[in-house]
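See below for the structure under consideration.
The values are calculated or read from the model by the stated rules, or taken from the named source; none is laboratory data. As the structure is a prediction and not an experimental result, all values here were calculated from the model. Note: ideal-geometry Cβ built from the backbone for every residue, glycine included; neighbour counts use all protein chains shown.
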């Protein structure tokens, strides 16, 4: 039977190695890649609700939208700089009703457009 100190040391080294590998793998991602993965995750597991695009800042390519879930109104923004080719129209013409995808566990994490889904009407 191994002494408890050796077992504790082995567990500690294993945890430290796991944390280092996780930090190294996440550090190599650019902010754009992290945002792309977030959008695709929301698309894959998110639910759809009705929303309203309230404003589009064309200078910095940001869409502002609102939606209500269980009596709570959420106001969110999404950077669409890398998604302009998926719009189908110029950003100035966006506005009005839209479908919003959100994460059920975190309803404030939401999108109106991603690479594989478009909630713009």
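Do we have residue 102 as assigned to a strand (DSSP E or B), within 11 Å of the chain's Cα centre (by Cα), modelled with pLDDT of 90 or more and surrounded by 15 or more Cβ atoms within 10 Å (Cβ to Cβ) here? Considered against the rule, which asks whether it is assigned to a strand (DSSP E or B), within 11 Å of the chain's Cα centre (by Cα), modelled with pLDDT of 90 or more and surrounded by 15 or more Cβ atoms within 10 Å (Cβ to Cβ), residue 102 comes out as yes.
For segment 105-121, give me each residue that is in a strand (DSSP E or B) and surrounded by 13 or more Cβ atoms within 10 Å (Cβ to Cβ).
The initial filter retains those residues of segment 105-121 that are in a strand (DSSP E or B), namely 106-111, 113, 118, 120.
If the condition is that a residue be in a strand (DSSP E or B) and surrounded by 13 or more Cβ atoms within 10 Å (Cβ to Cβ), then 107, 109, 110, 111, 113, 118, 120 are the ones that fit.
For segment 8-38, how many residues meet the condition of being touching a residue at least 40 places away in the same chain (Cβ under 8 Å) and either surrounded by 13 or more Cβ atoms within 10 Å (Cβ to Cβ) or over 30 Å from residue 121 (Cβ atoms) (or both)?
Quick first cut of segment 8-38, residues touching a residue at least 40 places away in the same chain (Cβ under 8 Å) only: 32, 35-36, 38.
Subsequent filtering for residues that are either surrounded by 13 or more Cβ atoms within 10 Å (Cβ to Cβ) or over 30 Å from residue 121 (Cβ atoms) (or both) retains 35-36, 38.
Summing the residues that are touching a residue at least 40 places away in the same chain (Cβ under 8 Å) and either surrounded by 13 or more Cβ atoms within 10 Å (Cβ to Cβ) or over 30 Å from residue 121 (Cβ atoms) (or both) in segment 8-38 gives 3.
One line per residue, one yes/no per condition, for (1) more than 20 Å from the chain's Cα centre (by Cα); (2) modelled with pLDDT under 95:
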site: 8; (1), (2): yes, yes
site: 29; (1), (2): no, yes
site: 44; (1), (2): no, no
site: 52; (1), (2): no, no
site: 58; (1), (2): yes, yes
site: 75; (1), (2): no, no
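Residue 36 falls short on exactly one of the conditions (1) in contact with a helix residue (DSSP H, G or I) (Cβ under 8 Å, 6 or more places away or on another chain); (2) assigned to a helix (DSSP H, G or I); (3) more than 26 Å from residue 89 (Cα to Cα), and that condition is (3).
So how many residues does segment 39-88 have that are in a strand (DSSP E or B) and touching a residue at least 60 places away in the same chain (Cβ under 8 Å)? Outline the logic, then answer.
Here is the first cut: in segment 39-88, the residues in a strand (DSSP E or B) are 47-57, 62-69, 72-79.
Going one step further and asking which of them are touching a residue at least 60 places away in the same chain (Cβ under 8 Å), we end up with 48, 51, 53.
Qualifying residue count for the region: 3.
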